[in-house]
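Just below is one structure, and these are the notes that go with it.
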Amino acid sequence: MVYTTTEPSEALMLGGQVAVLDEGRVLQTGPTAKVYQHPDRLRVAEVFSDPPINALDSRVADGAAQMGENIPIPLTGHLAGLAPGKYHFAFRANHLWLSRQAADDIEINGIVELAEINGSETFIYVNHGGRSFVVQQDGVHAIGMGQPIAIFVNPCHLFAYAPDGHLVTAPSDNASCSQPATGGVHGAH
């Protein structure tokens with residue numbers, strides 16, 4: 001049986017095998033969970049994430065990484081072996097928080113473009129250095145447009161893609177991010 005959907009969450013619920021299509025072309029096939037956890041191209045990650053995966057231009061040089069507008073990224077865990085060069089560091093909307101959850105979380109500062117309340121979730125559209133991305137938070141959050149905002153991501157959730165969009169490294173299937181520093185609640189993972 002073949003079931004078609006435009007909703008990544010439906011495909012994940014059904015499991016089995018998946019074929020990710022975009023504009024009539026097959027981008028990647030395989031076991032559903034594996035394709036979700038290891039999208040082999042940035043475009044697959046964008047299509048097979050809802051909302052689409054976020055990505056910021058990044059650079060590795062002299063044993064250090066910087067993402068976006070000079071955000072230092074520790075080269076630890078799955079990022080430790082990255083060679084010097086340009087990358088796109090990508091992260092899913094549900095891996096971003098409005099407060100620090102662990103001691104090694106990375107702070108990203110931006111400006112709120114829009115806060116969209118959708119049932120019991122809020123989608124916050126943030127501009128950082130001219131790039132827009134989405135934060136998905138459980139609960140209803142009244143955040144005004146144009147306000148500065150600090151959001152947080154743990155480096156254990158970062159995907160690294162080469163400039164041509166091919167996957168270089170993905171978070172480990174058994175990655176254990178640091179324990180929460182504040183015990184705060186954040187989006188589903």
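Just so you know, all these numbers are worked out from the coordinates, no wet-lab data involved. No experiment lies behind these values; they were computed from the predicted model shown. With ideal geometry, Cβ positions are generated from the backbone for all residues, glycine too; neighbour counts draw on all protein chains shown.
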Next on the checklist: Which of the three applies to region 90-136, rounded, prolate or oblate, going by the alpha-carbon gyration tensor with a ≥ b ≥ c and a/c under 1.5 meaning rounded?
Outcome noted: oblate
Next on the checklist: Using Cβ counts within 10 Å as a stand-in for footprinting exposure, how do Ser58, Ser132 rank, fewest first?
Outcome noted: Ser132, Ser58
Item to check | Likely footprinting exposure, Thr122, Thr4, fewest C-beta neighbours within 10 Å first | outcome: Thr4, Thr122
Item to check | 5 angstrom amide H check on Leu21, placed H, neighbours 5+ away | outcome: Leu27
Checklist outcome for this item: Going fewest to most other Cβ atoms within 10 Å around each Cβ, His166, His141, His95 line up as His166, His141, His95
Checklist outcome for this item: If each part is reduced to its alpha-carbon centroid, region 91-164 and region 1-58 end up apart, in Å, by 21
Item to check | Relative contact order (%) - the chain, alpha-carbon pairs under 8 angstrom, separation at least six | outcome: 21
Checklist entry - Suppose every K and R has +1 on its Cβ and every D and E has -1 on its Cβ; what is the size of the dipole of region 1-123 about the Cα centre, in Debye to the nearest 20? => result 440
Checklist entry - Quick one: Kirkwood hydrodynamic radius for region 54-169, alpha-carbon pairs, angstrom, one decimal? => result 14.6
Checklist outcome for this item: Along region 93-98, Karplus-curve 3J(HN,Hα) (6.51, -1.76, 1.60; θ = phi - 60°) to the nearest Hz, with x for Gly and Pro, reads 4, 7, 9, 10, 10, 8
